[in-house]
Every structure is written in structure tokens, then in C-alpha cells.
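Visitor: The structure that follows is given in the form of C-alpha cells.
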Amino acid sequence: MLSATGVCTLLSIVVLFFILGFLLIQGGKFLSWNFFTKLPAPVGETGGGMANAIVGSGKILLLATCIGVPIGFLAGVYLAEYGNAAFSSAIRFVTDLLNGVPSIVMGIFVYTLIVLKTKHFSAFAGGVALGIMMIPIALRSTEEFLRAVPLSLREGAMALGAAKWKSIVTVIIPAAISGIISGMMLNLARVAGETAPLMFTALSNQFWSPGWNQPTASLPLMIYTYAMGPYPDWHRQALAAGFILLAMVFIVNITARFIVASGMSQKSRL
Amino acid sequence: MGVPIVVGPDARPAGRASGFVGLLSRILNVDRLAHGLVFCCAACVILLTVLLAYELWANSALSRMQFGWRFLFSSTWDPIAGKFGALPFIYGTVITTFLGLLLAIPLGIGAAVFLAELARPRISDLMTFLIELLAAVPSVIIGLVGRFVLIPILEKIVPTLKSVLGLLPIFSGPFYGVSIFSAGIVLAFMILPFIISISREVLLAVPRDLREAALALGATRWESTWQVVIPFARTGIIGSIFLAMARALGETMAVTMVIGNSPKIMASLLAPGYSIASVIANEFTEATGDLYLSALIELGLVLFCLTIVINGAARLLIMMTTAKGAK
């Protein structure tokens, strides 16, 4: 009976390696210079690439980070350092609620909030949608790592006469910074793979989208569109793009965990 | 008697900071500003959630006025005639989630038991790390692999399945590859990592004395795990199942790519179906007319309420278990 449980674990891990291996082989085969530098070819023709999707994803994620990280970080500081019992528990409850909202409902929300009002699909709307998705996790991870800072550091700062905000900025946050950064990286990796919110906020684009007010192509959405299409060339490109996305997500994830691990071992040496 | 206190040349009266920052600190009360700023950000979160609920409510008003509660029980989805009913999608969502849970729960709890009870700590940590990597795989990638790998495999396996079980209504009818069955399998792999990691944490929180007491009374390893540890952690494991359920209900991309997009309620698992998230994803940008859009937004509202309820129940259950373990 007990060995059956081992089989269960092995099965779960085998799935992971299988996904990785499949994309590595199938997707890696079709990676080419064209893929990174060309725009999508007209429907049915071969030789196109996903340059605009890669750049578009980058733009949207940049905006998402600029929106989600500061709000989540500062709100986390509030929960960890200030805050009274009732309001804090309300915020934690609401954060969990926001975290549990399906990503497509978030897309509907930003559609009604921004796209309907500006009458445009835009990279701005897409960035806002992903930014709002980043807030709950940024908040939770910041609060967790700030709470983990030992009391002795806080008391030391206070004993030296530092004002509260100064002790937070110069002592407490730097002590927790490795954890906070790794939390943000994990957050970014998660949001980078989200497709549903972008479906009706940034829509998609066959060409370059200058500025922030145009519909913008993004990598996950291109993967979806191409995978569902009937052309073998599109399927090959979808697999290649899938490989790129998965590789990025894994690299960021593994780096983030190393940062946390090395941060923890540094702290234990204090 | 004491050590003489020497006041150096650059000693200042305590409390007077110098420079620009010091000037700023004395003109504005920076502490109050900082407090205000972080408070605003925290309040932002509450504001956004309230705004989300309001926008969903307000924008689905047209459809709610038109159909009322019948929306949830009618199975006609006819955009041309302007008749909308959510039943096929609710059915599809519930069946795929149920199927996914059916497959993921035994696998997940089994793996969690292995990682918490049997594996050596370092192997357990390494395997947990790999399983958390599986959780990080974007849903569109799992859909991709589902479409290009799972469906061809199923197309080979299902004829054999049908020859054995084809008399049952749930396995009747033609199989086109895209089906509720495929969607259920894909969902199972998406929620498996959540069940494993939360159940593992809950099992690790069970106090050692319970296990050791069972073993001291002569129970085998399996008996102590199955009859003592798991029942103690039962509430938390159920909480993890609820969380996985909430995740599965809202799962869009992976399901849309393998479910077949057919708004009909069929008894067979091998038939194509439709889930709430999939219909929104597929039809939102092509919705003609306000009523159509409003009906889709009302579907979003239904999904929103469903996930709130299940998430809330899940958090409560997990809180109850960790409190029990800490006592």
C-alpha cells in the first residue's frame, strides 16, 4: 500500500518532465532566427515569427509590474508594520478573495472598466489586468517576509532613535529584501503565463503596436491562437513559443528559489 | 565615580537630524505621510475588489432583468434568437471539475502521504520543489500539451475503453478527441500540485506523538498513517480539495483547448462540452448586441460567486486544521 503512494508521486513528477521534454524536443526543433525577428506571416503562409508577441508581452508585463508591485508591496508593509486588528484581517480576507478570482473574470472587469470607457483594446488595459492579478500575491509575500525579520532588529533601530518610517526603509526592508524580490519574481513568472485576462483587454495584433493604446500581441495568446488553428506551420510556431514561455517561467522560478535559499542561509550566519 | 562623558566637537542635541531629509522630516510629518501612503495602498485592494463586484453586477443588469433566475436553469443558448441559459455551461464546468477531482484526489493524497510520511527529508524537499514547478506551468502550456499529446493518445485508447465499457451511457457515442473526458484529465493535472503541496503541509503539521502512539500500540506503518494521521488531518485535506476545486472551476485556457465547445448537455463523457470560462473566452469578443454581452458577463458573475463561496469554505477548513494541530 505504501509503495502505491510512491508510485503516485512518481507519476506526478513524470508528468512534469514529460511536458518539459516534449516542449524541449518539439518546440526546440522549430526555434529559428525568423521566430524572434519576423512578424506573423499572412494566414496560411509559412516563415512568420512572433517578434511582436515577444515585445508586446514584455510591454504588458512591464506595465503590470509597475502597477502591481508598488501597490502590493506598500500594502504588505502596512499589514506587517502598521495596521490595527480589524482592518488588517479585512484586508487579508479581501486579498484572498481577489487572489481566488478566476483570471477570465478579471479580464471582464478590466474590459468594463477600461476598454468600454476608452473604446479601445490596448496594452494599457492588458497591463492593468495583469497588474491587478499581481497585487494579492505581492501583498502576501511582502507581509510574510517582513514579519520574518527578527524583533531584535526592529528594537535596535528604535533604540537608536530612528523614526518609524526610517527604521522600516533603512533597516527592516533591507533585511527582508531577498525574500521580497524572490516573491516578486515568482509573481511575475505566474502572471507572464496568463492568457485569459489579455483576451479582451489587449486583444492581439498581427503588426507592431506602437504606444500603449493599440491592441497588442502577447506570447501566451499567440500560443493559444496558433495551437487552435488548422495550419501545421502555426502548430510548429505554437510549440516553439510554448518552449520559450516555459523556459522563461522555469528559469525565473528556479532563480527566485535560489535567492530565497541563499538569503536564508545568510541570515542564519548572522 | 563613573566614566567621564566626553562631548566631542560634532555632538549635536539629540533628535536633530541634519541635511535635506532632516529638513523634510521637520516640515512635513514624514511618519504620518508614510502611514497614509501605505494605508491608501491597502485600502486600494479593498476598493478594487468592491469595484470588481460592482462592475460585474452592473454590467450584467440587462441579462438579469430579462431572464431572472431562469438564466441558471435554462439550457438554450441561442444568440440569434436572443435566448440565453447557463445550464449547459454550469453542467460542463461541474462535470469537468468533478472528473478532475476524481482523478487528482487519490493521486494527490497518495503523493502527499509519501512526501510527508515516507520519503527522507531531502528527497521529500526535492520532490516537493519539482511538484511546485509543475504548479508554475502556465495553463496555456498544459492545454498545448493536452491538445498535441493527450488527445492523440486518447484517440488510441478510447476505442478499447468503449469496447469494454461502451454499454454504459457515460461512455456512449462517438469520440472526436475533444471532449469532457479530455478536459477532466487535463484539469486533474492542473490541480494535482495544489492538492499535493497543501495536503503535505497539513500532514506534516500532525503532532509526532499521535504517530508514535499508534506505532507503540503495534500498528503497522500503513495502519498508523491511514487510521490515525489522515483522519486527524482530514479537515485540512478537505480544505485543500476545496481550494483545488475553486481553481478548477475558474480554469480557462487548458479546458478551452480540449473541451470541444459544444453548448449541449450530453450524458456521455466522450461528447464535447462547454464550461463557463470557455464560453466567455470564446464568445466574448464576438458578442453582438448588448444582451449577448450582458449574458456573458452574468456568466462571469456566476463563476465569481461560485469561486468566492468555495474559496471561503476552503480557507476556513485549512485554518481549522492548523489550529487543531497547533494545540
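The values are calculated or read from the model by the stated rules, or taken from the named source; none is laboratory data. Model, not experiment: these values are computed from the prediction. Please note: Cβ atoms are built from the backbone with ideal geometry, for glycine as well, and neighbour counts cover all protein chains shown.
Visitor: All but one of (1) farther than 22 Å from A:Ile114 by Cα; (2) buried (at least 21 other Cβ atoms within 10 Å of the Cβ); (3) more than 11 Å from chain B (Cβ to nearest Cβ) hold for A:Ala217; state the number of the condition that does not hold.
Guide: (1)
Visitor: How do the pairs read when you match residues in segment B:135-154 that are in the same structural domain as B:Ile259 (by TED's automatic domain parsing) and within 11 Å of A:Leu239 (Cα to Cα) with residues anywhere that are modelled with pLDDT under 90 and of a type in the set (Val, Ile, Thr), using Cβ under 6 Å and keeping only pairs 6 or more apart or on different chains?
Guide: Within 6 Å, the pairs are B:Val145/A:Ile19.
Visitor: Filter segment B:92-141 down to the residues that are over 23 Å from A:Leu2 (Cβ atoms) and not in a helix (DSSP H, G or I) and list them by number.
Guide: Hits for segment B:92-141 are B:Val137, B:Pro138.
Visitor: Let me spell it out: the conditions are (1) in contact (Cβ under 8 Å) with a residue 60 or more places away in the chain; (2) facing another protein chain (nearest Cβ under 8 Å), and A:Thr46 meets all of them except one. Which number is the exception?
Guide: Condition (2) is where A:Thr46 drops out.
Visitor: Somewhere in segment A:71-86, is a residue away from chain B (no Cβ under 11 Å) and either within 26 Å of A:Pro174 (Cα to Cα) or out of contact with any strand residue (DSSP E or B) (no Cβ under 8 Å at 6 or more places or on another chain) (or both)?
Guide: Taking every residue of segment A:71-86 in turn, at least one turns out to be away from chain B (no Cβ under 11 Å) and either within 26 Å of A:Pro174 (Cα to Cα) or out of contact with any strand residue (DSSP E or B) (no Cβ under 8 Å at 6 or more places or on another chain) (or both).
Visitor: May I ask you to say which residue of B:Ile265, B:Ile230, B:Ile185 is touching a residue at least 24 places away in the same chain (Cβ under 8 Å) and not in a helix (DSSP H, G or I)?
Guide: Testing whether each residue is touching a residue at least 24 places away in the same chain (Cβ under 8 Å) and not in a helix (DSSP H, G or I) leaves just B:Ile265.
Visitor: For B:Ala116, which of the numbered conditions (1) within 11 Å of chain A (Cβ to nearest Cβ); (2) under 30 Å from A:Leu219 (Cβ atoms); (3) over 21 Å from the mean Cα position of the chain (by Cα) fails to hold?
Guide: Tallying (1) within 11 Å of chain A (Cβ to nearest Cβ); (2) under 30 Å from A:Leu219 (Cβ atoms); (3) over 21 Å from the mean Cα position of the chain (by Cα), B:Ala116 fails exactly one: (2).
Visitor: Can you name every residue in segment B:44-65 that is among the hydrophobic types (A, V, I, L, M, F, W, C) and within 10 Å of chain A (Cβ to nearest Cβ)?
Guide: Correct list: B:Cys44, B:Val45, B:Ile46, B:Leu47, B:Leu48, B:Val50, B:Leu51, B:Leu52, B:Ala53, B:Leu56, B:Ala58.
Visitor: The conditions are (1) more than 14 Å from chain A (Cβ to nearest Cβ); (2) more than 29 Å from A:Phe17 (Cα to Cα); (3) buried (at least 19 other Cβ atoms within 10 Å of the Cβ), and B:Arg234 fails exactly one of them. Which is it?
Guide: Every listed condition holds for B:Arg234 apart from (3).
Visitor: What residue, among those in segment B:272-327 that are more than 10 Å from chain A (Cβ to nearest Cβ) and among the polar types (S, T, N, Q), is farthest from B:Gln66 (Cα to Cα)?
Guide: Out of the qualifying residues, it is B:Thr322.
Visitor: A follow-up question, please. Determine whether A:Phe17 is under 30 Å from B:Asp125 (Cβ atoms), surrounded by fewer than 19 Cβ atoms within 10 Å (Cβ to Cβ) and aromatic (Phe, Trp, Tyr).
Guide: In short, yes.
Visitor: Looking only at segment B:193-226, count how many residues are part of a helix (DSSP H, G or I) and either touching a strand residue (DSSP E or B) at 6+ places or on another chain (Cβ under 9 Å) or more than 12 Å from chain A (Cβ to nearest Cβ) (or both).
Guide: The total comes to 13.
Visitor: Which condition does A:Met184 not pass, out of (1) outside any helix (DSSP H, G or I); (2) more than 11 Å from every other protein chain (Cβ to nearest Cβ), if it passes all the others?
Guide: (1)
Visitor: Then there is this: Have a look at A:Phe93, A:Phe73, A:Phe35, A:Phe87 and point out the one that is of a type in the set (Phe, Trp, Tyr) and over 27 Å from A:Ala138 (Cβ atoms).
Guide: Answer to the check: A:Phe35.
Visitor: Would you mind telling me which numbered condition in (1) more than 30 Å from A:Gln237 (Cβ to Cβ); (2) part of a helix (DSSP H, G or I); (3) facing another protein chain (nearest Cβ under 10 Å); (4) free of Cβ contacts under 8 Å to residues at least 60 places away in the same chain A:Lys117 fails?
Guide: If we test A:Lys117 against (1) more than 30 Å from A:Gln237 (Cβ to Cβ); (2) part of a helix (DSSP H, G or I); (3) facing another protein chain (nearest Cβ under 10 Å); (4) free of Cβ contacts under 8 Å to residues at least 60 places away in the same chain, just (3) comes out false.
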